[in-house]
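Step one of this worksheet: look at the structure below.
The values are calculated or read from the model by the stated rules, or taken from the named source; none is laboratory data. All values derive from a computational prediction rather than experimental measurement. Cβ placement follows ideal geometry from the backbone for every residue including glycine, while neighbour counts extend to all protein chains displayed. Only protein heavy atoms, including side chains, enter the accessible area calculation; ligands, DNA and RNA are left aside. Shrake-Rupley method; radii C 1.70, N 1.55, O 1.52, S 1.80 Å.
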Amino acid sequence: MTMHIQGVLDPEELRRCRATLAGAPWLDGRATAGDQSARAKRNLQAAEGSPEVAAAGELVLRALGRNAGFMSAALPLRVYPPLFNRYGEGMSFGDHVDNAIRTSPVSGQSYRTDLSATLFLSDPGDYDGGELVIGEGAFAARVKLAAGDVVLYPTTSVHRVEPVTRGERWASFFWVQSLVADPGQRTLLRDLDRAIGAAREGLGDEHPAAVSLVGAYHNLVRMWAQP
Ligand code: NI
């Protein structure tokens, strides 16, 4: 399931993030691509391991940690240290599927990529093109979000970034290894979590139905989580 999470970064965090990244060394994005995707990738990427990427990545991770919508949808076991890219005029990234396992060259930690995320850092009015297209054919989603918003989608999806035809598109991207690997189970937990929120609101936390639903949620996580 593809999810839109609004306002992950506030305007001040966006400003700090972009100012930090402006001073980072920017490299050819093919440095981090797999074999097939390297052939399709035309963009710039802030150097992984640079202090600027570490600082901007920390800012993004803190914002994700306090975002209830992200936590509920992703059930993160660990989040790959966020990376940052830029597409200028004529740059694009053709259809590809992200690698199943990513190993951070900085920490040496490996991650199973259950979910992919793009955090938009540019205002949609600042560039033309640059849509993130998730899926194939008539049912593909064309995603272009407000600066500060995140799209979260299963890493099993084919996706691409359309050519930018005006301006510059800046974004952060990262992967989540979820506690719950199965996308169907994860979606069910997210739906149950939403329903619990409504039930607690309507019935109050003391109501036996609310207590029972919260218990069922935690017991399902216990059954399915792979920590
Ligand atoms: Ni990708």
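The set of residues from segment 89-119 being away from the ligand (no atom under 15 Å from the Cβ) and open to solvent by less than 40 Å² (accessible area, probe 1.4 Å) comprises just one member, Ser104. Output the residues belonging to segment 165-195 that are away from the ligand (no atom under 16 Å from the Cβ) and open to solvent by less than 10 Å² (accessible area, probe 1.4 Å). Within segment 165-195, Ser178, Val180, Leu189 meet the criteria. Condition (residue is of a type in the set (D, E, K, R) and in contact (Cβ under 8 Å) with a residue 24 or more places away in the chain) applied to segment 71-83: is it met by at least one residue? Yes, some residue in segment 71-83 is of a type in the set (D, E, K, R) and in contact (Cβ under 8 Å) with a residue 24 or more places away in the chain. Pairs meeting the criteria (first residue in segment 36-50 and without any contact (Cβ under 8 Å) to a residue 24 or more places away in the chain, second residue among the acidic types (Asp, Glu), beta carbons under 8 Å, at least 6 apart or on different chains) are lacking.
The requirement of being surrounded by 20 or more Cβ atoms within 10 Å (Cβ to Cβ), farther than 25 Å from Val180 by Cα and among the small types (Gly, Ala, Ser) is satisfied by Ala46.
Set side by side, the residues Pro81, Pro11, Pro51 differ, and just one is of a type outside the set (A, V, I, L, M), under 30 Å from Gln185 (Cβ atoms) and at pLDDT 95 or above, which is Pro81.
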